[in-house]
């Protein structure tokens, strides 16, 4: 198919200083959980984006010196020449299909606790380290010699970046994380010398770094500057002051990379933030500078991208999360395959990989960060093996992904769904407040399966073991999902408590099916700690209920710290009038209320209510799998070679785990048994002599 002419503007080349980007698709720097530990995983992830058509591709933040590092987070490092080779591989991968390769240089200053290097942190002004984990460490203020040292370290980083083959250096001064923002902001710059006070003085260090970077690289590298569009607080680097700075330094960098405020605000989840939400903060800035401007906004719509360009808001369409969900987004627009775009759902499960020091993953794109580790590709799969047919039981996220990839590989696939629609838990959850975008998980896979002649879908098909054994297929994949419990069993209580039969008790499944209380006082007990309890609280408030939110955690939706939304969730609950009972556990359900226990002292109290909603844990619905296992002696006669259970039916987890399970099942079909060997590649550190 040919590209729609409406989108031609997205494929125009744009000059960035001494370099030219082939189009306007700009993958802004984003973390991925690989860093210095798994550099080849990041290399192949970036290579895949190059293949997918991005015009500019950046690393995550790269720490330039050992005096400022952000352990426990795992980022790339450019501390000395030994760090150049893996970065050179990354630059080569980025440029393999004509993209410009960018490296983001970072010195964290008051954000760098130095837990690994044990160096005394240095900052623009002295103060406690500002980290997610409130480390009990303070930074000392840099003196003039420290500033000269830091300028020298930046020069060395420029030199090493050029040696590694990068085209663009991005200087990180956004999200409150980089020392460049710390110099610019009066909130973190209380100096009274030539580097403090007026905006001109606060910008001095940045000007010196850029001038010396150009000198070091002989003007052969482009330089971009990543700034926050707005820093809150009476002394924060506000949007008004950002505009003043850009107007007075209009030609300082070769490109302005603008991101909203804190990381939490810049990467807000779709539950709370719409596509293109930063437009008000960035609109009009292009008129202040002749240099190109890139901004972000979780753009997934080609029409929205074009509007940003045509209306003069942006020159480049910046993307992190959409480039993760679909590395081939530019090529699909170019080839007129809009319907094949794997749209980002804005769940931020990718961020959680970095926050938990694991490897990042994506709900929509299970191949993300598995390109090198497992050899997976977001668009291509291996040809089918010796088997012919597979029955997939269950049309939820894992079953849909398994059927999609098996179909791509060439197997004859039968997808049997017990209900009348596909999507499983996604079909239910997409109807909850703020979660509509999550339905894209089902929509994409249903759309991809529909034209496959080798994939048949049957509804109203609740199969028994007898049915399966009579089906005549080579393999059976049981992906029958999970159901929420209606008792207290989760993390705090490992066994059920007392449950008075006269108290109405509901599960999330009940509420998603339209049942549950309407009015009255309702206790929600959250020992799940992710999004579900807070979403249901919103639902119940909309139904006219007075909600009492009880959780053993110290804050509501505690795990959502890892998706950057805990603060906004708790604020939303308070604004809705939900009463929070933190560090409290429901132990018993009584006739007129619940018994509540302090998780520290064990003191008991009673909370009156008319109904209870338990958001505790889920139980995998693996009955069909267990029945088939019990009849394994009959498999050979039925021609059945294997039966597997995957996804929530095997072990309940977030949706990203389910789509990964489906991809893995399909990828490993007809693969040789590897026994006890690792099912993925890893990099092992060698021992120095």
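Annotations
For every residue, the table says whether it meets (1) modelled with pLDDT under 95; (2) more than 17 Å from residue 249 (Cβ to Cβ).
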residue	(1), (2)
117	no, yes
122	no, yes
135	yes, yes
156	no, yes
161	no, yes
177	yes, yes
180	no, no
193	no, yes
207	no, no
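For (1) farther than 19 Å from residue 187 by Cα; (2) assigned to a loop (DSSP other than H, G, I, E, B); (3) more than 30 Å from the chain's Cα centre (by Cα), each residue gets a yes or a no:
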| position | (1), (2), (3) |
| --- | --- |
| 210 | yes, no, yes |
| 227 | no, no, no |
| 234 | no, yes, yes |
| 290 | yes, yes, yes |
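- Among the residues listed as 422, 415, 432, 391, the single one being in contact (Cβ under 8 Å) with a residue 24 or more places away in the chain, outside any helix (DSSP H, G or I) and surrounded by fewer than 20 Cβ atoms within 10 Å (Cβ to Cβ): 432
- From the list 540, 536, 607, the lone residue that is over 29 Å from residue 356 (Cα atoms), modelled with pLDDT of 95 or more and assigned to a helix (DSSP H, G or I) is 540.
- Take the conditions (1) surrounded by fewer than 19 Cβ atoms within 10 Å (Cβ to Cβ); (2) part of a helix (DSSP H, G or I); residue 569 misses just one of them, which is (1).
- Scanning segment 95-123 for residues that are touching a residue at least 60 places away in the same chain (Cβ under 8 Å), under 24 Å from the mean Cα position of the chain (by Cα) and not in a strand (DSSP E or B) gives 99, 107, 108, 111.
- Taking the listed residues 578, 589, the one that is more than 33 Å from the chain's Cα centre (by Cα) and buried (at least 16 other Cβ atoms within 10 Å of the Cβ) is 589, with no other qualifying.
- Residue within segment 520-527 that is in the same structural domain as residue 567 (by TED's automatic domain parsing), free of Cβ contacts under 8 Å to residues at least 60 places away in the same chain and in contact with a strand residue (DSSP E or B) (Cβ under 9 Å, 6 or more places away or on another chain) present: no
- Some residue of segment 6-13 being buried (at least 18 other Cβ atoms within 10 Å of the Cβ) and under 24 Å from residue 371 (Cβ atoms): no
- Of everything listed in (1) free of Cβ contacts under 8 Å to residues at least 12 places away in the same chain; (2) touching a strand residue (DSSP E or B) at 6+ places or on another chain (Cβ under 8 Å); (3) under 30 Å from residue 455 (Cβ atoms), the single unmet condition for residue 636 is (2).
- Residue among 537, 546, 501 that is under 17 Å from residue 609 (Cα atoms), surrounded by 21 or more Cβ atoms within 10 Å (Cβ to Cβ) and more than 23 Å from the chain's Cα centre (by Cα): 537
- Each residue in segment 68-88 was checked for being under 21 Å from residue 132 (Cβ atoms) and touching a residue at least 60 places away in the same chain (Cβ under 8 Å), and 5 pass.
- Among the numbered conditions (1) buried (at least 16 other Cβ atoms within 10 Å of the Cβ); (2) more than 25 Å from residue 100 (Cβ to Cβ); (3) in contact with a helix residue (DSSP H, G or I) (Cβ under 8 Å, 6 or more places away or on another chain), the only one that residue 201 does not meet is (3).
- Residue among 587, 577, 602 that is over 29 Å from residue 354 (Cβ atoms), in the same structural domain as residue 511 (by TED's automatic domain parsing), touching a strand residue (DSSP E or B) at 6+ places or on another chain (Cβ under 9 Å) and part of a loop (DSSP other than H, G, I, E, B): 577
- Condition check for residue 286: outside any loop (DSSP other than H, G, I, E, B), closer than 30 Å to residue 411 by Cα and over 19 Å from the mean Cα position of the chain (by Cα): no
- Single residue of segment 517-534 satisfying the filter (on the phi > 0 side of the Ramachandran plot and more than 31 Å from the chain's Cα centre (by Cα)) that is surrounded by the most Cβ atoms within 10 Å (Cβ to Cβ): 520
- Within segment 267-287, the set of residues being crowded, with 16+ Cβ neighbours inside 10 Å, more than 17 Å from residue 563 (Cβ to Cβ) and in contact with a helix residue (DSSP H, G or I) (Cβ under 8 Å, 6 or more places away or on another chain) comprises 275, 276, 278, 279, 281, 285.
- For segment 321-332, the set of residues classified as buried (at least 23 other Cβ atoms within 10 Å of the Cβ) and either closer than 19 Å to residue 40 by Cβ or touching a helix residue (DSSP H, G or I) at 6+ places or on another chain (Cβ under 8 Å) (or both) consists of 321, 322, 323, 324, 326, 327, 328, 329, 330, listed by residue number.
- Qualifying residue in segment 546-565 (condition: in a helix (DSSP H, G or I) and farther than 21 Å from residue 490 by Cβ): no
- Residue check, residue 79 surrounded by 19 or more Cβ atoms within 10 Å (Cβ to Cβ), over 21 Å from the mean Cα position of the chain (by Cα), at pLDDT 95 or above and outside any helix (DSSP H, G or I): yes
- Residue ID - nearest to the chain's Cα centre (by Cα), chosen from residues in segment 129-149 that are without any contact (Cβ under 8 Å) to a residue 24 or more places away in the chain and assigned to a strand (DSSP E or B): 138
- Picking from residues in segment 175-195 that are over 19 Å from residue 230 (Cα atoms) and in contact with a helix residue (DSSP H, G or I) (Cβ under 6 Å, 6 or more places away or on another chain), the one that is surrounded by the most Cβ atoms within 10 Å (Cβ to Cβ) is 195.
- Within segment 333-347, restricting attention to residues that are surrounded by fewer than 24 Cβ atoms within 10 Å (Cβ to Cβ) and in a loop (DSSP other than H, G, I, E, B), the residue that is nearest to the chain's Cα centre (by Cα) is 343.
- Residue tally, condition crowded, with 24+ Cβ neighbours inside 10 Å and either touching a helix residue (DSSP H, G or I) at 6+ places or on another chain (Cβ under 8 Å) or more than 20 Å from residue 98 (Cβ to Cβ) (or both), over segment 14-34: 6
- With respect to (1) modelled with pLDDT under 95; (2) crowded, with 24+ Cβ neighbours inside 10 Å, the lone exception for residue 358 is condition (2).
- Verdict on residue 339 being in contact with a helix residue (DSSP H, G or I) (Cβ under 9 Å, 6 or more places away or on another chain), closer than 21 Å to residue 670 by Cβ and either at pLDDT below 95 or not assigned by TED's automatic domain parsing to the domain that holds residue 470 (or both): no
The values are calculated or read from the model by the stated rules, or taken from the named source; none is laboratory data. What you see is a predicted model, and the numbers here were worked out from it, not measured in a lab. Cβ coordinates were reconstructed from backbone atoms using ideal geometry, including for glycine residues, and neighbour counts include every protein chain displayed.
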